[in-house]
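Notes follow once the structure below has been shown.
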Amino acid sequence: MRIITTTAELAEFCTAARQEPYVTVDTEFLRERTYYSKLCLVQMAMPGKDDSNAVLIDPLVEGLSLDPMYELFRDGNVVKVFHAARQDLEIFFVDAGVIPHPLFDTQVAAMVCGFGEQVGYEKLVRAIARKGLDKTSRFTDWSRRPLTEAQQKYALADVTHLRTIYEFLAAKLEKTGRAHWVEEEMSILEDPETYIMRPEEAWQRVRTRTTTPKFLAIVRELARFRESYAQTKDIPRNRVFKDDAMLELASTKPSSVADLGRSRLLLREARRGEIAEGILAAVQAGLNCPPDKMPQIDRSREKLQVNPALADLLRVLLKAKTEASDVASRLVAPSADLDALAAGLRDVQALRGWRHEVFGRDALRLCAGQVALTVRGNDVQIVEL
C-alpha cells in the first residue's frame, strides 16, 4: 500500500494520472471542532484492477505541497470521479480555490440510473462491484499518525471500488443517452457559489416561527456575527451559540452583560468577552435597523391557490414517469415543485433541462387539460384528449 509523503512523489503520480481518462478521488477529514474541514487524507486511484495504481496522500506531512494534485484537478482531459462529492469539493475550494473539472459524482449518476435516492457508496459497491466493505474504521480519528493498517485498507477501498462503479455507470449513461443529465447536475457542484457562506446571508438558514421584521432584523445581525466569528476563529457555529439561543436573544433583546447572564440557553463562554460584546452589538444593530432595510419572509408561495386534485394527479404522473425512466423521483421534482405547478407557477426546476424531457413536458400538458391518466394493468399511462 503506497502512501505519498513528498511533493516529488505526488507530482510523479499526478503526471501519470494525467495520461489516463479518469482518476477516482476521496478524502478523510475532521470537522467536529472546526468551522472548516481539516483535511487528513486524500485517496486517489487510476484505472486498474488492483491496488497498484492507487495511493494514499498524507497532507499532514510537513513540507508536502498539494499543488501537483490541484494541477491535475484543473486538467480538463481527465475526469475526476467522486461519490457524494460536495464536502470533498468544499475542502479543495476552501484550501486552494480549486474545483475539480470535469467532474463525475457517482451518487448523482446512480440516481439517474435507477439505484434510488441519495444511494450510499456501500450499496453501490455491493450492487455493482459485488464486494463487501469493512466499515469499522469509518469513525476513527484520521488526524492521528501513524494510520493503522485497517484505516489504510478502508481508505483505499473508497477509491478502488469506485473505478468499477464509475465505469459501469458511465457505460449505462452512454447507452441510455443520459450522460448530459449528469452533466447538468455537475454544473451545480462545479459552481463556486455552492461553497461560499456569506455571513450576511446566514440568517436565512435559521428556522423560526416568529417572522416579524424587527425580530428577523435581530436574528440577521446575530447570525451575521456568529458566522463571521466562527469563520475567523475556525470553530463550529454551535460553539459560539446555538440556534435556540439565538432566537432567545432576538426575543429578549439583551442590552448588557448582566442581561446575558440571565439567558437560559446561552453557553457560559458566550456571556463574557468577545462573544458577549458581539452579541450585544448585533442586537443593537438589529434594533436600530431602518424599517425599509429589515428582512422580509417571502410568503408568495403561502398564498398560492393550489389545486389539490391536480397536485395529486401530478404526483401520480411523476411516479409513473420516473418508474418508466428508472430515475429517482426526488431528483426530478420535489413536492414543492408539484404544488407550485398545481397553483399555476411555471418557474420551477422540474420544467428545465433533462427534467423537462422526463416529466415537465407531460406535466404541462396535464395541467392544460390536453392529456389524462389511465390505468392499464399495473401501469399508469397517458391518454391524449
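The values are calculated or read from the model by the stated rules, or taken from the named source; none is laboratory data. Please read these numbers as outputs of a predicted model, since none were measured by experiment. Note: ideal-geometry Cβ built from the backbone for every residue, glycine included; neighbour counts use all protein chains shown.
Counting the residues of the range 64-81 that are among the small types (Gly, Ala, Ser) and closer than 21 Å to residue 94 by Cβ gives 1. Looking across 348, 380, 358, one residue alone is surrounded by 15 or more Cβ atoms within 10 Å (Cβ to Cβ) and touching a strand residue (DSSP E or B) at 6+ places or on another chain (Cβ under 9 Å). It is 380.
Among 267, 331, 280, 313, which is of a type outside the set (Lys, Arg) and within 19 Å of residue 365 (Cα to Cα)? Exactly one of 267, 331, 280, 313 is of a type outside the set (Lys, Arg) and within 19 Å of residue 365 (Cα to Cα), namely 313. No other residue among 295, 308, 236, 254 is without any contact (Cβ under 8 Å) to a residue 40 or more places away in the chain and more than 21 Å from residue 334 (Cα to Cα) apart from 254.
Scan the range 361-377 for residues that are without any contact (Cβ under 8 Å) to a residue 24 or more places away in the chain and either in contact with a Ser or Thr (Cβ under 6 Å, 6 or more places away or on another chain) or surrounded by 11 or more Cβ atoms within 10 Å (Cβ to Cβ) (or both) and jot them down.
Residues satisfying the conditions are 361, 364, 365, 370, 371, 372.
Working carefully through the options 94, 119, find the one that is among the hydrophobic types (A, V, I, L, M, F, W, C) and assigned to a loop (DSSP other than H, G, I, E, B). So the residue among 94, 119 that is among the hydrophobic types (A, V, I, L, M, F, W, C) and assigned to a loop (DSSP other than H, G, I, E, B) is 119. Across the range 225-255, the qualifying residues are those that are part of a helix (DSSP H, G or I) and among the aromatic types (Phe, Trp, Tyr), and the one among them that is surrounded by the fewest Cβ atoms within 10 Å (Cβ to Cβ) is 229.
Going through the range 67-92 one residue at a time, which ones are out of contact with any helix residue (DSSP H, G or I) (no Cβ under 7 Å at 6 or more places or on another chain) and basic (Lys, Arg)? The one that is out of contact with any helix residue (DSSP H, G or I) (no Cβ under 7 Å at 6 or more places or on another chain) and basic (Lys, Arg): 74.
Table: residues versus (1) without any contact (Cβ under 8 Å) to a residue 40 or more places away in the chain; (2) surrounded by fewer than 16 Cβ atoms within 10 Å (Cβ to Cβ).
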{"position": "35", "(1), (2)": "no, no"}
{"position": "42", "(1), (2)": "yes, no"}
{"position": "47", "(1), (2)": "no, yes"}
{"position": "55", "(1), (2)": "no, no"}
{"position": "59", "(1), (2)": "yes, no"}
{"position": "68", "(1), (2)": "no, no"}
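Could you tell me whether any residue of the range 7-17 is in a loop (DSSP other than H, G, I, E, B) and surrounded by fewer than 16 Cβ atoms within 10 Å (Cβ to Cβ)? Within the range 7-17 (the criterion being in a loop (DSSP other than H, G, I, E, B) and surrounded by fewer than 16 Cβ atoms within 10 Å (Cβ to Cβ)), the answer is no, since none of the residues qualifies. Of 193, 174, 201, 167, all but one fail to be modelled with pLDDT of 95 or more and closer than 24 Å to residue 292 by Cα; the exception is 201. Inside the range 148-204, residues that are of a type outside the set (Lys, Arg) and not in a helix (DSSP H, G or I) make up a count of 6. For the range 261-275, a residue qualifies if it is part of a helix (DSSP H, G or I), more than 31 Å from the chain's Cα centre (by Cα) and crowded, with 16+ Cβ neighbours inside 10 Å, and exactly one does: 271. Summed over the range 103-134, residues that are aliphatic (A, V, I, L, M) and either out of contact with any helix residue (DSSP H, G or I) (no Cβ under 7 Å at 6 or more places or on another chain) or in contact (Cβ under 8 Å) with a residue 60 or more places away in the chain (or both) total 6. Is it the case that some residue within the range 92-102 is surrounded by 21 or more Cβ atoms within 10 Å (Cβ to Cβ) and either touching a residue at least 24 places away in the same chain (Cβ under 8 Å) or closer than 25 Å to residue 14 by Cβ (or both)? Yes: one or more hits.
Here 281, 258 are screened, and the one residue that is in a helix (DSSP H, G or I) and either on the phi > 0 side of the Ramachandran plot or loosely packed, with under 12 Cβ neighbours inside 10 Å (or both) is 258.
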